[in-house]
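Notes for the one structure printed next.
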Amino acid sequence: MTINSEVPVPAARAQPAAASAAAPQQNGTSAADLVLPVVAAGAVVVVAGYGYVRRTRRARTRTTPGGGPAPAGPAAPPLSELDERVRVLLAGADDWVRTSREELDFAEARSGADSVAPFVRAVRDAEAELSAAFRMRQQYDDGVPEDEAARRHALAGMIGRCQEAGRRLDAEAAGFDLLRALETAEGLGEALEVAEERFRALTARTGGAGATLAALAGRYGSAAVDAVIGHAEQAKDRLVFATTRLNQARQAADMGEAADAARQLRAAEGATAQAEVFVAGIERLAADLAAAAELVPAALTGAEAELAGARTGAGDVPAGELHARAAHADLVLTAVREELTAGPYDPLDALRLLVRGLLPVGVGRAGVLSAAASLVARSAVAEADAFVTTHRGAVGSTARTRLAEAKRLLAEEPSALLTADALARRARELAERDVRLHGNPVAGAAEHESGLAGAVLGGVLLGDGAPSSFGGPHTRARRGRGSAL
């Protein structure tokens, strides 16, 4: 109820009117003619004022017909508490999307693209909500908005976006389970065949990944392959875990324990998907390094030609500053040429140096250097994304936020590609730090030999041992009742 700020008319205001009315009046009007009407009017005002004040006080305190003070509403949580909730939700929602996409791949391999179309749309919708939440978080980390009320509103918006992403996945989870039909003998048998076939194909690729990595290090130097060092071993680790779970799934299926067989199968699928990420990372880096090595000579030639033209003027850049930028660009060109003649070098890093050194001079916004900027940024984003995928059991929201922003910037102009590259590299650093701080979640040699430790670190298994799967938070809660350990 809105309280009127006007003060009710008090009874004291009636007294002067009554006194003046008691005096003799002109025109023959007697005192008695005026006293009664004025006193009556004063009484009405007094009663009305008293009633207003009483109603106002009652409205302030009454919550039940019996009266009593109104209970205070729940206090708004501190901003720090709301911020921490957002961090947890962002990481969780990112995991929902990643694991849903992984299981969706296995379902499509068995049932075809048309059958999984509704679930593909659900994942895309969830990705869109999550991307918006990450964008808001990046702006929040950059200090936008500034005042506390607006920042609280922004955090609430992020929570809503994450919850909507989970809702869209949960809404399709039951239908997805019907499509997979893992708790029926026919559905489980077909799904096992798909998983085993993919496992065998990946095992063959993993065998050659180590040799590919060694060849890359010999050709381009050890620094060029730092991002994928250990990938072959970690792929084998996930495959060991997948082997165990596939065998257990077969045994459970033979015994008629369909629910347990489905849990074991999902764990095997998740581990196989992550093993493929490790192997694909080596193969992708090999392709990126080869493409970069072919691009470096052309980038050097094009940069020198454009730099010569840029020295005559670069828009609003003052002559002195332009001269300084051009001098720095000359140093970069010289350094890259020396790397080419000195022996093994990292061609992706050479392109990165060229792009960073020449864009400030106004060179490279089109043509070969633009292509170089795109190649470098996309390679960095892919490396960071692979690391988050395979270590998501330990990676927090800040690394994921920087990665999401880097992905968004890939479609922008070359100057934005520089930022995308820097953000992706920062995301990888933050993710590695999270893994170091997280430590080893599963102790013991046996757990490492079985691949269990890697599966937990990679988020293949949730905290209670249940396998991750298609769906949002409600699906996870439902499936988390069982244990796959």
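The values are calculated or read from the model by the stated rules, or taken from the named source; none is laboratory data. Being a predicted model, the structure only gives us computed values, none of them experimental. Methodologically, a virtual Cβ is constructed for each residue, glycine included, from the backbone with ideal geometry; neighbour enumeration extends over all protein chains shown. Accessible surface is based on the protein model in full, side chains and every heavy atom, while ligands, DNA and RNA are left aside. Shrake-Rupley method; radii C 1.70, N 1.55, O 1.52, S 1.80 Å.
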Over region 190-248, average the accessible area per residue using a 1.4 Å probe and give it in Å², no decimals. 47
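From the square roots a ≥ b ≥ c of the eigenvalues of the alpha-carbon gyration tensor of region 255-403, which class results: rounded (a/c under 1.5), prolate (a/b over b/c), or oblate?
Numbers: a/c = 4.02, a/b = 2.61, b/c = 1.54.
It is prolate, given that a/c is not under 1.5 and a/b is the larger ratio.
Would you mind getting me the FRET efficiency between Ile229 and Arg436? Use the beta-carbon distance for r and R0 = 22 Å, nearest 0.05.
Working: r = 16 Å, r/R0 = 0.71.
That gives a FRET efficiency of 0.90.
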Under the 7 Å Cα-to-Cβ spin-label approximation, Asp254 and Asp142 lie apart by a distance in nanometres of 5.9
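For every other residue with a beta carbon closer than 13 angstrom to the beta carbon of Val376, add +1 if it is Lys or Arg and -1 if Asp or Glu, then tell me the sum. Intermediate results must be reported in sequence, preceding the final value.
Numbers: positive: Arg352, Arg356, Arg378, Arg425; negative: Asp288, Asp346, Asp349, Glu383, Asp421.
Spelling it out: positives minus negatives among the neighbours equals -1.
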Ignoring any ligand, DNA or RNA, what whole percent of the accessible area of region 132-279 comes from carbon and sulfur when the probe is 1.4 angstrom? 53
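Would you please classify the overall shape of region 248-333 from the alpha carbon gyration tensor, given that a ≥ b ≥ c denote the square roots of the eigenvalues, rounded means a/c under 1.5, and beyond that prolate means a/b larger than b/c while oblate covers the rest? Don't jump to the answer; show the numbers that get you there.
Numbers: a/c = 7.44, a/b = 3.97, b/c = 1.87.
Prolate, since a/c reaches 1.5 and a/b exceeds b/c.
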Once you sort the root eigenvalues of the Cα gyration tensor of region 342-423 as a ≥ b ≥ c, which label holds: rounded (a/c under 1.5), prolate (a/b larger than b/c) or oblate (the other case)? oblate
For the peptides 289-296, 186-193, what is the packing order when you average, over each peptide's residues, the other Cβ atoms within 10 Å and list the highest mean first? 289-296, 186-193
Of the listed peptides 329-335, 264-270, 367-373, what is their order by residue-averaged count of other C-beta atoms within 10 Å, with the highest listed first? 264-270, 367-373, 329-335
FRET efficiency for Asp105 and Ala308, using Cβ-Cβ distance with R0 set to 56 Å, rounded to 0.05: 0.65
How large is ³J(HN,Hα), in whole Hz, for each residue of region 380-388 in order, when computed from phi with the Karplus curve 6.51 cos²θ - 1.76 cosθ + 1.60 and θ = phi - 60°, using x for Gly and Pro? 5, 5, 5, 5, 5, 5, 5, 5, 4
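Determine the per residue accessible area of region 283-339 with all protein chains present and a 1.4 angstrom probe, expressed in square angstrom. Write out the running numbers ahead of the final one.
On the way: 2990 Å² over 57 residues.
On a per-residue basis, region 283-339 sits at 53 Å².
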Per residue, how much accessible surface does region 355-437 expose to a 1.4 Å probe? Answer in Å², no decimals. 35
